[in-house]
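Please read the structure below before turning to the comments.
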Ligand code: NAP
């Protein structure tokens, strides 16, 4: 493909923006808002992210689009079915972020159970001078249920095994590559588990998979950790369960309406709130960025993606 026109859907960090600007014939959508409506037929490739996505409406305005290269592994914000039906190739950045996202899940498990973030506030606010922080919950040796035993779910299990945790998982179907126990019934997994960690994709098939009943099954001593997508959890039901004390705690990296987070959670010491930072380290973001460019270049040179969806 000779000098294709690339549409950048949203802003990335400066290094990424500059590299796109330098190496490709680039249209920045936020700077040329009318471009899609007026000259969408000129676009060959879209560069986007799990956050910005690419909607069916946008796709319809790009009749000659050949590929979508996305930064991130989640693809619930991309109109995948419409793109595939038109033979548009899609790449994401799988695997290079597994370790950091799994580290985040383990961090949330420990922080939520041991309440390190709240204990830190206890020290900073001078409360230690007035008394000890209350006792918290142990992590090692506990039962861990993983919902979504894929690339990231397996890395979480690897780390949790180091904490002698008893591990079971739920997918839509059993994974023959693992010896960990499969639980077809999500509620049964929740009622068995001390910690329920979500590592499945977002989108229609997992919308509110974790509802009031699953939370009730996890119970007053159970802790929910979500590093997948906010849409997987019925957030209102989660707030209600935490307020009522029928759920033991929650460690959340993702929310239904990011960056808006229910304020009812702010004062709860058994809740840890992160601003969607699962993969947000220098090393991993660079690896993700490089993989976007490797996909772009492979598609331009050979018509092939390295990590197709
Ligand atoms: P993956 O390898 O595709 O694994 C997804 C797992 O979820 C698979 O084991 C799949 O098994 C299971 N699954 C899919 N649909 C399901 C359903 N309806 N019910 C139950 N299980 C289901 O994906 P991954 O690379 O591990 O990434 C997982 C997700 O993590 C991403 O889609 C993204 O949303 C999220 N993520 C978050 C961050 C962050 O910053 N917090 C960063 C990266 C990724 P079956 O197909 O057998 O059901």
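The values are calculated or read from the model by the stated rules, or taken from the named source; none is laboratory data. Predicted model only: the values in this text are computed from it and were never measured. A quick note on method: Cβ atoms are made from the backbone with ideal geometry, for glycine too, and the neighbour counts reach across all protein chains shown.
Tell me yes or no: at least one residue of segment 127-135 is within 18 Å of the chain's Cα centre (by Cα) and either within 11 Å of the ligand (Cβ to nearest atom) or not in a loop (DSSP other than H, G, I, E, B) (or both). The answer is no; no qualifying residue exists.
Confirm whether residue 203 is assigned by the TED database to the domain that holds residue 251, surrounded by fewer than 18 Cβ atoms within 10 Å (Cβ to Cβ) and under 22 Å from residue 51 (Cα atoms). Yes, satisfied. Of all the numbered requirements in (1) within 16 Å of the ligand (Cβ to nearest atom); (2) surrounded by 15 or more Cβ atoms within 10 Å (Cβ to Cβ); (3) over 15 Å from the mean Cα position of the chain (by Cα); (4) assigned to a helix (DSSP H, G or I), residue 144 misses one, and that requirement is (4).
If only residues of segment 147-165 that are in contact with a helix residue (DSSP H, G or I) (Cβ under 6 Å, 6 or more places away or on another chain) and within 11 Å of the ligand (Cβ to nearest atom) are counted, the one that is nearest to residue 197 (Cα to Cα) is 156.
Would you call residue 19 within 23 Å of residue 298 (Cβ to Cβ), more than 19 Å from the chain's Cα centre (by Cα) and surrounded by 14 or more Cβ atoms within 10 Å (Cβ to Cβ)? Spelling it out, residue 19 is indeed within 23 Å of residue 298 (Cβ to Cβ), more than 19 Å from the chain's Cα centre (by Cα) and surrounded by 14 or more Cβ atoms within 10 Å (Cβ to Cβ). Among the helices (runs of 4 or more DSSP H) confined to segment 166-277, the ones with at least 3 residues that are closer than 26 Å to residue 154 by Cβ and touching a helix residue (DSSP H, G or I) at 6+ places or on another chain (Cβ under 7 Å) are located at 186-192, 212-218. In this structure, does residue 86 turn out to be farther than 27 Å from residue 199 by Cα and at pLDDT 95 or above? Against the criterion (farther than 27 Å from residue 199 by Cα and at pLDDT 95 or above), residue 86 qualifies. Of all the numbered requirements in (1) more than 16 Å from the ligand (Cβ to nearest atom); (2) closer than 30 Å to residue 139 by Cβ, residue 98 misses one, and that requirement is (1).
Only a single item in (1) under 17 Å from the mean Cα position of the chain (by Cα); (2) over 17 Å from residue 116 (Cβ atoms) is not met by residue 302, and it is number (1).
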